[in-house]
Each structure stands twice: as structure tokens, then as C-alpha cells.
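Okay, structure first, notes after.
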Amino acid sequence: MKKFILGTIITVLLLITVISVQQGLLLAKPLPYDDEQTGLSTQITIHLSHVVAENTPKGQAANKFAELVEEKTAGKVKVHVYANASLFNDENEFRALQKGDVEMIVPTFSKMTTYVPSWQVLDLPYLFHTEEQIHEVLTGTIGEQLLAELEPLRLRVKGLGFWYNGFKHLTSADQPIHTFEDLQGLRIRTMPSRTLEKQFEAVNAKPTSVSFSELFTDLETHTIDAQENTASNIYSKGFYKVQKHMTITQHGILGYAVLINESFWNSLPEKIQKQIIAAMKETTEWQFEQARSMNDQDMQKLMQQDHFNVYTMSKQERLRFKEQLTPVYDFYKTHIQTNDILTEIEKVVTP
Ligand code: LMR
């Protein structure tokens, strides 16, 4: 009996050995080093928070960026997008980014002027005439120079680039705005930028800084009479439902700074950083065209709304508005300007 059991054990061991050798389990060489293999266990997650609807230029750009980052890092980095201020809003998103409670945010450059005053150059009225000029400034060497201005401020954030929305126009509650005189006395919402406030003080309006997520309610309750924004924001946020008039002015531009927490960025392997930068560049080129198309479509939808009158300022009315806003340039040059960026931009935009 003992011999039988011993024989059985030896036979089973022999079978296991033969099968293991056939399957290459016993004599296999160690796997070659592959950071993808070793790294897979450390999935990197980026939480990206922003304050507008998904179906907007910024919302679409954020989703495109998330798609491209996952593609270019072969799934090692995943970007979770939180739209519509569902994670953080205008008031708390920047502080959250600095603390690392969120890895990326995409605020308008106007809202960043609280921390980077020199970016108010982008808020100057009637500075840009075409979207080609805006693209050249925001995605070229001038844009890089603006992003580099973050570094000495030691804000613990890094700028990856600029995205674009569109030209800004005006909406108002009870009276249409045909000339700049119609703005007199109106409580008009601005983003927190001294240059934007000066712009409306120059026409004797009453600028009030209100967060984007509270603006609809303030317009609905007539706490605020008017506001400036792009067609896509006016449509996607439903401002046409609580305002009766829109005036196509193209008096300024709305764009975004794509920001990442600096220590998180520095913790990433260089290879991953390069892949994220490649995703950023491809997204930026894609979204400039996407923004133009979305604003065109949303402008058409606004014009089709009942009880919402869309007026286009004539060339003469726009010229008078621009002339009335000249003191804003004096304010910028006297109180804000610290470098020659306005001169550099004027070389791009001067026909
Ligand atoms: C605004 O506050 O009007 C804009 O910043 C909204 C946006 O596009 O982020």
C-alpha cells in the first residue's frame, strides 16, 4: 500500500513538472523591464473641475482633453471632468487647486487677474478684431509669456495653455442697448477684473462682480440688469430666458487658462508630462475651431428665441463705444502695465 501511494505522488509531481516546462513557467526568463507593466498598478487620476455646461466650448475641450490624455498615455492617466461647478465654483476652485484638492481647473483669464494682474491686458476692450489674431496671441509666444508670468508669483499652479470661447456681447433686461449711453446707470455683472469694471465705469454703468453660478438667479430677480458674455454662455446658461435683449458688440473676448497643481505636475514622470502636453496642444487646436462653430450655432439659436430681441450695433455705434472706452487703456497703462505685452499684441492686431 505504501509503495502505491509513493508511486502515485511521484507520478503526479512528474506530470506537473512536464506541464510547467511545456507552459514555460519553470524555465522562463524574467520579464523585460517595462515601466508600463510596473506602472499599471499606479493608475494616475486627474480631477478637472470647471463651471460651465458640458455642451460649451470649455466643456467640450475638457472632454476632448480627457479623451486624448487617456489615449496618449495608453490608459495610465485618466481625467475625470466635473462640469457646471459640480465640484468647485468660481469662489473656491483656485484655492482648491492650490491645495491639491483638485488637480486641474480652467478659469477664465479675467478671473485669474485677481492673482495675475498683468493678464488684464486680455480684458482690454476692442483690442482684438479677428479670431485669427486671438489664436496667434493665446497659442503663440505671447501666450507662453503670459503663462510664464505665473511662475515668479509662486502660486503653486502651472499654466498648461489657453483655450478660447469667443467674442463677448451684452444682454439686458428691460431696455435694449443700441448705444453706449443706454448702459448708463445699469447694474452690470462683470467677472472680478479691475479692467472690466473700469470698462463699464467709463460708460457710467454700475459694474458688480457676481459668480457665474449665481448669475442666472441675479438676472431673474433683477438684482442685476445686464451682463457681458459669449453667445455659447448666454445660450447654454439660459440667460435669454431672464433677459429680453441682446446687443452684438464684440467688445471683448472670453478665454481660459488651463491650470494644473504644480506639485502634482512635478510628481509626474517626464514621459507622462510630455504625453499630457501633446494632448493639450492637440486639444487647443481642435477647440479653437470647435468654439467658433458652437458660438455661431448658439447665436443662431438665440436669434430664433421668442421674446428675446437681438440687435447688432452698427459700425458707427461700435466706433463711438470704442472711443468712449479709451480711458480703460489709460487705466491699464498707468495702474496695471508692467511689461511690453500690450505693444506685442498691438503688433499682431494692428492691420
Ligand atoms: C463667466 O463667469 O461668465 C465665465 O467665466 C463663464 C465661463 O465661461 O467660465
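The values are calculated or read from the model by the stated rules, or taken from the named source; none is laboratory data. Only a predicted model underlies this, so the values are computations on that prediction, with no experimental measurement involved. As a convention, Cβ positions derive from the backbone with ideal geometry for all residues, glycine included, and neighbour counts pool all protein chains shown. Areas reflect the complete protein model, heavy atoms only, side chains present, ligands, DNA and RNA absent. Shrake-Rupley method; radii C 1.70, N 1.55, O 1.52, S 1.80 Å.
Out of all DSSP beta bridges in the chain, what portion is antiparallel? Express it as a percent rounded to 5.
Counting DSSP beta bridges with both partners in the chain, the antiparallel share is about 55 percent.
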Taking only DSSP H segments of four or more residues, each worth -39500 (n - 2.57), what value at 222 nm results for the chain once the sum is divided by all its residues, to the nearest 500 deg cm²/dmol? -13500 deg cm²/dmol
Calculate the translational D of segment 234-341 in whole µm² s⁻¹ from Stokes-Einstein, where the hydrodynamic radius comes from the Kirkwood formula applied to all Cα pairs, the temperature is 25 °C and the viscosity 0.890 mPa s. 135
Direction-averaged shadow area of the convex hull around the Cα atoms of the chain, nm²? 25.7
So how far apart, in nm, are the two label points at Q184 and T334 if each is 7 Å from Cα heading toward Cβ? 2.3
H80 paired with R95, simple spin-label distance in nm, labels 7 Å along Cα-to-beta-carbon: 2.3
Go through 266-273, 81-88, 229-236, 187-194 and give me the packing order, highest mean Cβ count within 10 Å leading. 229-236, 187-194, 81-88, 266-273
In this structure, among K58/K78; K64/K111; K72/K301; K206/K333; K78/K99; K78/K241, pairs with alpha-carbon gaps over 26 Å are K72/K301; K78/K241
Among 167-178, 142-153, the order from most to least packed when residues are scored by Cβ within 10 Å on average: 167-178, 142-153
DSSP H helices in the chain with Cα extent of 20 Å or more along the helix axis and mean Kyte-Doolittle hydropathy at least 1.0? 2-22
Please give the per residue accessible area of the chain, computed with a probe of 1.4 Å over protein heavy atoms only, in Å². 48
Would you mind checking the radius of gyration and Dmax of segment 137-202 based on alpha-carbon positions, in Å? 16.8, 46
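For segment 43-349, give the percent of accessible area contributed by carbon and sulfur heavy atoms, probe 1.4 Å, rounded to a whole number.
C and S atoms contribute 47 percent here.
Could you give the length gained by full extension between V349 and E270, i.e. 0.36 nm per residue of separation minus their alpha carbon distance, to one decimal place?
Extending this stretch completely gives an extra 24.8 nm.
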Compute the separation of the alpha-carbon centres of segment 174-240 and segment 104-160 and state it in Å as a whole number. 22
Can you compute the modelled spin-label distance between H222 and L319, with each label point 7 Å from Cα toward Cβ, in nm? 3.7
Computed over all unlike Cα pairs, the Kirkwood hydrodynamic radius of segment 184-302 in Å stands at 16.8
